[in-house]
Amino acid sequence: MSPVPSTRIRVLLLVLLLAVLMPAGSAAQRTDGRRWGTALAADGMQASGTVGSENARVGQVWYFALPVPGNISDEPIGITRAAVEHVPPGIEVLGYGAYDMSDTDGLPLLATEGEPHTPDFARLRNYADRAVEVPAGETSDIFYAVRLKITSPPEGPVRRCRFEYTQDGRAYTQTMDCELLLTVAG
């Protein structure tokens, strides 16, 4: 009768086998064929707090700026898509856009559609129809925004921003912190 290896030994052998078979520096691949990315700075102003309003109303449309893409890697990237991952009941995503900060007089973190100081996003050039290039070590002049409608009192915050990009012929996905809390008054 041969001895049966313990579970701990089996796990150790599996880890060692994977370490030998996986090339050095390769990122783990997701089920959609993309790799988990690390090229975008994840520690900016928008990743360290909550943006919001306590005076929101049902029926209003808001624009929420996602974190401005900053490429901290040594290679250029091409952002192909940006989105929020968690949208609570009471908020509907109407769409996404990518806009040049020079067209909006800076970064509008949160804006209500139709207000006097809100950029007229419908008239601005939307760069989301092609990859937004961000050179190595630079921050993009293009920011992504999500257009949201309040359909009922929101049941929590909008959270987590995901960027999809290509770099050196490979597709990556990177998720970072971002949070928007809209509270219906009354």
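Of all the listed residues (148, 124, 180, 109), the sole one being among the hydrophobic types (A, V, I, L, M, F, W, C) and free of Cβ contacts under 8 Å to residues at least 40 places away in the same chain is 124. Farther than 22 Å from residue 185 by Cα, within 25 Å of the chain's Cα centre (by Cα) and modelled with pLDDT of 95 or more: does that describe residue 81? When the stated conditions are applied, residue 81 passes them.
Restricting the stretch 94-145 to residues that are open to solvent by 40 Å² or more (accessible area, probe 1.4 Å) and among the polar types (S, T, N, Q), the residue that is nearest to the chain's Cα centre (by Cα) is 139. Taking the stretch 118-181 as the region of interest, the strands (runs of 3 or more DSSP E) fully inside it that hold 1 or more residues being in contact with a helix residue (DSSP H, G or I) (Cβ under 6 Å, 6 or more places away or on another chain), modelled with pLDDT of 95 or more and not basic (Lys, Arg) are 142-150. Can you tell me which residues in the stretch 73-93 are within 18 Å of residue 177 (Cβ to Cβ), assigned to a loop (DSSP other than H, G, I, E, B) and open to solvent by 30 Å² or more (accessible area, probe 1.4 Å)? Passing the criteria: only 87. Which number in (1) at negative phi; (2) open to solvent by 50 Å² or more (accessible area, probe 1.4 Å) marks the one condition that residue 160 misses? The one condition residue 160 does not meet is (1). Of everything listed in (1) under 13 Å from the mean Cα position of the chain (by Cα); (2) open to solvent by 50 Å² or more (accessible area, probe 1.4 Å), the single unmet condition for residue 70 is (2). Taking the criterion of being within 11 Å of the chain's Cα centre (by Cα) and acidic (Asp, Glu), the only residue of the stretch 84-93 that qualifies is 85.
Looking only at residues in the stretch 42-67 that are small (Gly, Ala, Ser) and open to solvent by 30 Å² or more (accessible area, probe 1.4 Å), which one is modelled with the highest pLDDT? Within the stretch 42-67, the match that is modelled with the highest pLDDT is 59.
The values are calculated or read from the model by the stated rules, or taken from the named source; none is laboratory data. Computed from a prediction, not measured in an experiment: that's the story for all the values here. So basically every Cβ, Gly included, is an ideal-geometry build from the backbone, and we count neighbours across all protein chains shown. For accessibility, only protein heavy atoms count, side chains too; no ligands or nucleic acids. Shrake-Rupley method; radii C 1.70, N 1.55, O 1.52, S 1.80 Å.
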